[in-house]
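Here's the structure, in C-alpha cells; my notes come after.
The values are calculated or read from the model by the stated rules, or taken from the named source; none is laboratory data. Treat the numbers as computed from the prediction; the structure is a model and nothing was measured. Quick reminder, even Gly has a Cβ in these numbers, built from the backbone with ideal geometry, and neighbours come from all protein chains shown. Accessible surface is based on the protein model in full, side chains and every heavy atom, while ligands, DNA and RNA are left aside. Shrake-Rupley method; radii C 1.70, N 1.55, O 1.52, S 1.80 Å.
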Amino acid sequence: MSDPVRAIGSSPPRLEAGDKAIGRAQYVDDIQRPGMLYAALLTSPHAHARILGYRLDAARAIAGVKAIVTGADLSGSRSGGIIKDESMVARGKVRYVGEIVAAVAASDPQTASRAATAIELDYEPLDAVLTIDEALAPGAPVLHEESASYVKAIQGGGHGNVVFETTVAEGDVERAFAQCDVIVENTWQTQAQHNAYLEPGGCVADVDASGRITLYASCQSVHHVQQRVAEELGEPMARIRAIAMRVGGGFGGKHASNIHSIAAWLARAARRPVKLVLSRMQDFEIQRSRHPARIWMKTGARRDGMILARDVRITLDGGAYADESPPVLAFALLMSRGPYRIANVRARGQAVYTNKLRAGSFRGFGNPQASFAGESQIDELASRLGINPVELRLANAMRPNDTAFGGQPVASCVLRECIARVRDAQREAPPLAPRNGRRRGVGFAVMSHISGLMGTAATVQLRTDGSIALSTGCVDIGQGSDTAMVQICADALSVPIERVSYAPQDSDASPYNWKTAGSRSTYMTGRAVAVASLEMRDRMLAHAADMMECAVVDLELRPGGVVGLKGVPKTVGFREIAMRSLFHSGGPIVVTHGFVFDGTGFDPKRASIHQLAFANLGVYTFGAQCVEVDVDEGTGQVEVRRAWCAHDVGRAINPVSCEGQIQGGFVQGMGYALVEAMKWNAEGWLITATLADYKVPGVLDCPPEIHPIILEDPDPTHPVGAKGIGEPSLVGAAPAIANAICNATGARLRTLPMTPERVLNAMDSRS
Amino acid sequence: MSQAKRRSVLTVNGEQHHVLAPAAATLLDVLRTGLGLTGSKCGCNHGVCGACTVLLDGKLARSCLTLAADVGERRVTTIEGIAGDLDFSAVQRALVESGAIQCGFCTPGFVITLTELFARDPHPGRETIRAALSGNLCRCSGYVKIVEAAEHLAGGVR
Amino acid sequence: MDYLAPATLDDAYRALEAEDARCLAGGQSLVAMMNLGLVSPARLVSLRRIEALRGIDLQPDGSLRIGAMTTHAEVAALTVSAAGPALLAQTARVVAYPAVRAWGTIGGSVAHADPAADYPVALVAADALIEVSSASGTRRIAARDFFRGLFETALEKAEIVTAVLVPPGAQGAGAAYEKLSPVAGDFAIASVAAIAGRTARLGVGGYATTPIRLEGIGVSDDALLEAGRALAASSEPSDDHRASAAYRRRVLPELIRRAVRTALIGARA
Ligand SMILES: Cc1cc2nc3c(=O)[nH]c(=O)nc-3n(C[C@H](O)[C@H](O)[C@H](O)COP(=O)(O)OP(=O)(O)OC[C@H]3O[C@@H](n4cnc5c(N)ncnc54)[C@H](O)[C@@H]3O)c2cc1C
Ligand code: FES
Ligand code: FES
C-alpha cells in the first residue's frame, strides 16, 4: 500500500491564518450585540487601605447607567485558585493600586467611565509592603489577616505575609559540599515581567430570558472561566456558559480573570449584554505579571567537574493575591537543579504577599527565574574549575533513564544532543565581522521543562458524509493548537485535514480541558485526540469487517477515508460506514477519550517533598540555547546578534509552528533578559502602565537570525510521540545572554533586566 | 467627556461613509464601532503597537492617533480593503504560507505596513524590511517568519 | 470638544482665541495624550489645510525654512549637504517609526517640547530659529530661547509655530545625531546633536528640562570627553524609570565623542 499522505510532520498553513490575514478573525472586542452595554472599572488609588464605605448616588444618577457592582454586593466565601483569597472586586480592603473596587455598566463607554469616576469610596489607608524584605520584616503590615479562614487546597504558609512555603530535597547536601573542591555561591534578582500579549484582556457577557449567562472571552480555558465565574456569582456551573473567541496572545496571563466575573455579574444585574475590554493601561494594572524573585544558590563540584551538590533558596514576590504562586514556587524549586545529574540538592522556597499586582503564571512558570540563576552559576563554576562551560554541561547533563529532581523517572532525554547541536551550529556559522567599540561574546544555557499536568479530553464524531467532527477544550491562544489537533486526528484516520472540522471551545459542548498552559496542549490534548481517533478507527474497522464479511485484521485504512481489504482493491468508504452506523446498526460513531496526566509521580523515598501543589507534572523536555551578543563598551547596550535554539519536541506535528514557538519564546525571553520591567513607585503606583513605558522588543531589537533546531525523540507515552514546546524556548534566553555578556566583557550580571546601566556597573566592578 | 457628535464623510476602501461621532473619536474607533470594520485592532490606543495601522492616502498611519474628524478628504484603506472579499493579496498570502501568523492580533497592522512597503519598493532587502516593520509589535513570532515572508515576496533572500 | 479645520492662518488665529483651544498637527502626541486622558482640550484647531505651513524653501541667506506642518518623513528624505539641514534630516530619521514619521510634524514636535524629543536637541545645536505667528504678527525666536521647560515653550496664547529656520552651519562642517534609547524608535534617554568642523557645537538632550547648548568645543577625543565630563558634573540629568541620572552622566562623554566623530566623517566627505 502506498504510504498515506501524512499530516503530521508537514506544515500546512494554520486553519485560521487566512481569517487573521484578512482581518476577519473574531476577537472579543469585535463583538457587537443589540442593546449591548459597556463596562467601566474604578480601581484603587491606595496600595493598602481599608474600605470604609461607598457613595454611589452620583453614579446612579447618571442617565444611561444600568448596573453597578462593588464589594458591598458580594457575600459568601472568597474565590481563587489554590488559595481562595480573592474576590472579583475588592471586599473590605484594597491590597494594591489598580485593584478593582467597583464596576459600572452603561449604555456607552463614555457614560460608563464617567459613572465609574463618580463613585466615591472612603478609605482608611494602611501601611503597605512593596518588596519581599518589607513583607517579611518583623511587624510588617499583614495583607491577609483572615488567611486562616481561607479555603486552601494546600497547606504551607499562611503566617504573616507568607503565601506558601515548601522544600524539595534529595541526598545530603551538607555532606556533599564537604567533598567539593570548588563551591560557588551567589544571589540573583529578577523582575516583574508582563505578558504584554498584543490583545488586552476582555470579554462580553450575555444573558438569556432564563437568566443563564454566556461569556465570550479572551481566555486560556473555557472550563476554567466557567468554574471561576460560577464561583464568584454563586451560580451553578450549568447556568454559566463560556465560549472562547480568537485569543490575541495569552502566555499564561489570560486564564480566569476577575473581569470575566464582573462582566457576568453586570450582565445578570442589567439583564443586557455587557462588554468589558481592558485598556492597555488597565491590563497592565490589573491582570498579572511574572513573579519577581530572589534566588540564592550554591553549587559545588569536584575538581574533575563532577557536580556534587546544590543548595537553593527561592523567594517569590507574589503580589497581593495568591493566584498561581504556590505552583509557580514549587515548579521553580523542581527546576532549580537544572537538567543535571546532581545527587544532593536542597531547594527551599517561600512566596510572599506584597501590595502590588498579583503575580501568576507566565510562560515558563518559575523556570525562567530558577534557570537564570542556575545556568549563570554553571558558567561561574566552569570558570572557577577552568573547564569549558559547554563541556561542564555535557559532563553533568541528564541522560535517558535518569530521574528528575523529585524522583520522577525520565525515559527519554536528548539534552546532550541539544547541547552539541547548538555548539556545532554556532561554530560552523560564518563569523560576524567584529565591530568597533563593541565586545563580542558567546553564551550557552540549557533547560528542561515539562509537558503535561491535569486532565483533558477529545471527542471525535463521524458525520454522514464520512468526514470527522473533532472537538476539544483546548483554546488556541496563538500557538497553533487548532491545526495541530486536526493534523493528529487526520493522520490517525488517514484523511486529509480538510475532512476534519474543529469546533470552537464552548463549555456547553467541548469536553473538559484544564487549560492552555504548562506546554501541555500537544502532549495532553493531542494525546486524547490521537487515542480517540484511533478508537474511532477501530469502531469503523469493526463496521467494515461486518460489511465486507471479513476479519478486522484483514482490513486497513487507506488514504482518503476508505477501509480496504488487505491486498485486494475492495473497499468501503467512511461514508458507508457512517450511514450504516446511523441508520442500520451500532448507532452514531462518537468517541471521547479523556484522561488525567498519568505519569509516575514524585518518589517519596528519594526526595522529601513538603506540600507540593501537584502530585506529578508531565513528561520532560530538554533544550539548549546559544547566543552571540555585542556589548557596547561605551553605553553598556547589549545587542543579541544571533541565536541557536535546539529543543526536543518529541515529534514535530507542525514543524513551522514549532519554529514559531521557539523564535517567539526566545524573543520574549530576550525582552525579559534585557528590557522588560514593571516598576512601581514608593506609593505602589505602577509607573510602567503603557507600551511607551513598558518596552517590549521590536523587530530592530531582535536578531534577524534565530535558528530553531528541532530534535525529535518520540515520547513513548504519546501515540505520535509529541511533547510541548510552548515554554522552554523562553527559559534559556536570560542566562544564555548573561553568560554571553560575561564572555564578552568579564562582567557578571545577576539582576534582570540586564539594562545598559547594570552592564556598565558590572563592568566597573570587575575584579 | 460627554460630547456633541460631529458629522463627517469618510472615504474608506473606496466607499464614502457618513459618520456621526464625537469630535474626539479616533479613526480606529469609528472604523471599528461606527463602520463595523473590526479588522484594525486596538492593542494600545497610544501609538506604540501598530495593530491599528491603516493607510491614509497610501501612507502608513496609526488610526488610534488620527481623529476621524481630521481625516478630511484623505482616502482610508483598512485591512478589509487590501484585497477583494475573501481574497488575499500577495502580502497576505506570503504571511499565511510562511507561518508568520500566530495569535494574529498584530497581523492586520503588519499586512498594511508591508503593503505600503511593497507599493514603494517591490524588492526590498532584509534591512529595508526590518526598518519598515519597526513600528509594529508582535509578541508571538519573534518577527523572524514575518521578515522571511517579506523576503520571500521580495524575490530571493538577502 | 469642538473641531475646526481653517484654511488660512488668519482663521486659525481667530479659532485659537477660544478658551482652551489647541492646535492639532499630526496628532501623534496630542491624540495619544487625549486617549490616555491626560488632556481634554475644549477645541482643536487642525492645521492640516493651511498651505502656508507647508513646504521647504531655501532662503537667500542659505538657511532652510521648513514649514511647521512638514512631516518627519519629509525632513528625513531631504538630501542636503549643509551641516544644519543635514543634522535635522539625520535626526528625523531616528524619530519613532515610519507610521509616526509619516504624519508627525516638526511644528508639533517643537510646540510640544517633550524633554525626550529629538528635534529640539538638533535645533539648538543647529542654532535654528523658530518662527511663530499670531494675529499680531510674526516673531523669530532662537531655538535655545524657545524651549523653556518640561513641555514649556515661548509660545503665547493663540500663537502658532509657522516654520523652523535652519542655518547652513559653518562651511565644511559635518553633522551627526547620536541617540540612546531603550529600544529602537523609542524616545531618547540621552542624545547629542553635533555640528563639527574645527570646533564643535552641540545640543545635548536628557540633561535638563530643555536641550543644553555647548559651543566651541575642541574636537580631539580628550577635549570631547572632558567637555562631556564637565557637563555631566554640572548638569541635572533626568532621573526616571527609563534611566538613572548616574547612568546619563556616565554615558555623556562617550555620546559626545561619538556624535562629533561621526559628524567629522561627514565633514571630510
Ligand atoms: C509611538 C511614538 C513614538 C514616538 N517617538 C518619538 C521619538 O523617538 N522622538 C521624538 O522626538 N518624538 C517621538 N514621538 C512624537 C512625535 O514625534 C510627534 O509627532 C511629535 O511630538 C508631535 O508632532 P505632531 O505633529 O504629531 O503634533 P500634535 O500631536 O498634533 O501636537 C502636539 C502639541 O503641539 C501643539 N502644536 C502642534 N502643532 C503646532 C503648531 N504648529 N503651533 C503651535 N502648537 C502646535 C499641539 O497643540 C499639541 O499641544 C513619538 C510619538 C509616538 C506616538
Ligand atoms: S492601537 Fe494604535 S498603535 Fe497601538
Ligand atoms: S501573532 Fe500574536 S502578536 Fe503577532
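This model, with +1 at the C-beta of Lys and Arg and -1 at the C-beta of Asp and Glu, gives chain A a dipole about its Cα centre of some 140 debye. Between C:Thr209 and C:Glu19, the modelled labels are 2.7 nm apart [label points 7 Å from Cα along Cα→Cβ]. To the nearest 10 degrees, how steep is helix B:107-120 against the longest Cα principal axis of chain B, on a 0 to 90 scale? Approximately 70 degrees, to the nearest 10. Pairwise alpha-carbon distances in the stretch B:5-81 exceed 21 Å for 13% of all pairs.
Here the stretch A:539-664 is treated with +1 on each Lys and Arg Cβ and -1 on each Asp and Glu Cβ, and its dipole about the Cα centre works out to around 720 debye. Rounded to two decimals, the Cα-based Rg/Rh of the protein assembly as shown, with Kirkwood Rh, is 0.97.
Dividing the summed helix terms, -39500 (n - 2.57) for each DSSP H run of n ≥ 4, by the number of residues in chain A produces a 222 nm estimate of -8000 deg cm²/dmol to the nearest 500. Summarising the amide proton neighbourhood of C:Ala142: residues at separation of 5 or more, or on other chains, whose placed amide H is nearer than 5 Å comprise C:Ile130. Lys and Arg at +1, Asp and Glu at -1: add these up for the other residues within a Cβ distance under 10 Å of A:Asp311 and post the number. Its environment carries a net charge of +3. On a 0 to 90 degree scale, rounded to 10, what angle separates helix C:221-234 from the longest Cα axis of chain C? Orientation of helix C:221-234: about 60 degrees from the principal axis. Backbone phi angles across the stretch C:74-82, fed through the Karplus curve with coefficients 6.51, -1.76 and 1.60 (θ = phi - 60°), yield HN-Hα couplings of 5, 5, 4, 7, 4, 10, 9, 9, 4 Hz in residue order; Gly and Pro are listed as x.
Farthest toward the positive end of the dipole of chain A, out of A:Phe284, A:Asn388, A:Gly201, is the Cα of A:Asn388, where the dipole comes from beta carbon charges about the Cα centre.
In this rough spin-label picture, where each label sits 7 Å from Cα along the Cβ direction, the A:Asp603-A:Ala72 distance is 6.0 nm. Convex hull volume of the C-alpha atoms in the stretch B:90-154, normalised per residue: 68 Å³.
By DSSP, the beta bridges lying fully in the protein assembly as shown are antiparallel in about 80 percent of cases.
Buried surface for the A/C pair, taken as the accessible area of each chain alone minus that of the pair with a 1.4 Å probe, is close to 1500 Å² in total. Placing pseudo-labels 7 Å out from each Cα toward the beta carbon at C:Ala245 and A:Lys570 gives an inter-label distance of 9.3 nm. Please compute the average number of Cβ atoms from other chains found within 10 Å of each residue's Cβ in peptide C:27-39. Mean partner shielding for this stretch: 6. In plain terms, the bigger the Kirkwood radius, the slower the diffusion; for the stretch C:174-268, with that radius from Cα pairs, at 37 °C and 0.692 mPa s, Stokes-Einstein puts D at 253 µm²/s. Taken residue by residue and averaged, Cβ atoms of other chains lying within 10 Å of the Cβ of B:143-155 number 3. Okay, which of the stretch B:5-23 sit inside 15 Å, backbone N to the point 7 Å along the Cα-Cβ direction of B:Glu73? Residues B:9-11 fall inside that zone. Take each peptide in C:133-141, A:320-328, count the other Cβ atoms within 10 Å of every residue, and average; sorted highest first, the result is A:320-328, C:133-141.
Phi-derived couplings, Karplus 6.51 cos²θ - 1.76 cosθ + 1.60 at θ = phi - 60°, listed residue by residue for the stretch C:30-41: 5, 5, 4, 5, 5, 5, 7, x, 7, 9, 9, x Hz, with x used for Gly and Pro. Taking packing as the residue-averaged number of other Cβ atoms within 10 angstrom, the listed peptides A:371-380, A:394-403 run from highest to lowest as A:371-380, A:394-403.
The 3J(HN,Hα) values that the Karplus relation (6.51, -1.76, 1.60; θ = phi - 60°) gives for the stretch B:122-129 are, in residue order, x, 10, x, x, 4, 5, 5, 5 Hz. Gly and Pro appear as x. Working ranking of peptides A:293-301, C:189-197 by packing, defined as the average number of other Cβ atoms within 10 Å per residue, highest first, is C:189-197, A:293-301.
Against chain C, whose longest principal axis comes from its Cα atoms, helix C:83-93 is set at around 70 degrees. Reducing the stretch A:72-94 and the stretch A:414-483 to their Cα centroids gives an inter-centroid distance of 38 Å.
Near A:Ile154, once Lys and Arg are set to +1 and Asp and Glu to -1 for all other residues with Cβ below 14 Å from its Cβ, the sum equals -2. Based on every Cα atom in the stretch C:1-46, Rg and the maximum pairwise Cα distance Dmax equal 10.5, 31 Å.
For the stretch B:5-81, a simple Cβ point-charge model (Lys and Arg +1, Asp and Glu -1, everything else neutral) yields a dipole of about 140 debye relative to the Cα centre. Mean partner shielding of peptide B:109-122, defined as the number of other chain Cβ atoms within 10 Å of each residue Cβ, is 1.
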